[in-house]
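One structure below.
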Amino acid sequence: DAGVTQSPTHLIKTRGQHVTLRCSPISGHKSVSWYQQVLGQGPQFIFQYYEKEERGRGNFPDRFSARQFPNYSSELNVNALLLGDSALYLCASSGGLAPAYEQYFGPGTRLTVT
Amino acid sequence: EDQVTQSPEALRLQEGESSSLNCSYTVSGLRGLFWYRQDPGKGPEFLFTLYSAGEEKEKERLKATLTKKESFLHITAPKPEDSATYLCAVENQAGTALIFGKGTTLSVSS
């Protein structure tokens, strides 16, 4: 069975540009969460979507937005990129809402902002 | 404020030398504590979920335990392939997010 997939694998952008990251959850999973992981730190929560509705939002500026589609895939959008947005962006899916359901992570998208 | 602290930050072991990793947490009403393994440049790989104090789970050379204030990941007779960063996380109060520690980077040499 395919796990969580993310695209692209790597991305290089310039300050001020916009970026869209994509995620496909495990088949049958309805919840998708996004995390940002900078080098040497644990992942930090950005958004959670369940059944196409935003269920949670972390402490990130409004430049970050996301949505979930009818097939449960998801996009993370970041506007007006800053150097500090350089990180590994992780998508996680689960079969339902916590606490009964574990989150399974994809391989991540490595974003570099120059 | 929900918080997770992991220690040590880094741990070097010889193959076969057993040890433990610590995860201390502060959360209002624990809903679940999670252990993940992460290899460099990759996404975290799910290992265990613990829900209540006294609970234990095992997988190969790994055993996770939980008390009311902390969790331990015990590694018995580690092998070089166990080298990775081990992340601990708890669910936030709203049940919408995982709060991660910074991780413990384990290096096992033969």
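Of the residues making up region B:57-64, one or more are surrounded by fewer than 16 Cβ atoms within 10 Å (Cβ to Cβ), in contact with a Phe, Trp or Tyr (Cβ under 6 Å, 6 or more places away or on another chain) and of a type outside the set (Val, Ile, Thr). Filtered by the rule that a residue be within 13 Å of the chain's Cα centre (by Cα), within 14 Å of another protein chain (Cβ to nearest Cβ) and part of a loop (DSSP other than H, G, I, E, B), region A:55-114 gives A:58, A:60, A:103, A:106, A:107, A:108. Any residue that is in contact with a helix residue (DSSP H, G or I) (Cβ under 7 Å, 6 or more places away or on another chain) and surrounded by 15 or more Cβ atoms within 10 Å (Cβ to Cβ) - is there at least one of those in region B:78-100? No: zero hits. Scanning region B:9-27 for residues that are away from chain A (no Cβ under 14 Å) and not in a strand (DSSP E or B) returns B:15, B:16, B:17, B:18. Among the residues of region B:65-110, which ones are touching a strand residue (DSSP E or B) at 6+ places or on another chain (Cβ under 9 Å), more than 13 Å from chain A (Cβ to nearest Cβ) and of a type in the set (A, V, I, L, M)? Result: B:66, B:73, B:75, B:84, B:106, B:108. Looking across region A:91-114, just one residue is surrounded by 19 or more Cβ atoms within 10 Å (Cβ to Cβ) and free of Cβ contacts under 8 Å to residues at least 60 places away in the same chain, and that is A:98. With the structure loaded, tell me whether residue A:35 is closer than 19 Å to residue B:49 by Cβ, surrounded by fewer than 17 Cβ atoms within 10 Å (Cβ to Cβ) and within 14 Å of chain B (Cβ to nearest Cβ) or whether it fails that test. In short, no.
None of A:40, A:16 is more than 14 Å from chain B (Cβ to nearest Cβ), exposed (fewer than 12 other Cβ atoms within 10 Å of the Cβ) and at positive phi except A:16.
In summary, strands (runs of 3 or more DSSP E) completely within region B:59-110 and bearing 2 or more residues that are within 11 Å of residue B:25 (Cα to Cα) occur at B:70-75, B:84-91, B:98-100. The set of residues in region B:21-79 being out of contact with any Lys or Arg (no Cβ under 6 Å at 6 or more places or on another chain) and aromatic (Phe, Trp, Tyr) consists of B:25, B:34, B:35, B:36, B:46, B:51, B:72.
Computed from the coordinates by the stated procedures, all read-outs in this text should not be read as laboratory data. As the structure is a computational prediction, the values presented were derived from the model and not from experiment. All Cβ positions, glycine included, derive from the backbone under ideal geometry; neighbour counts span all protein chains shown.
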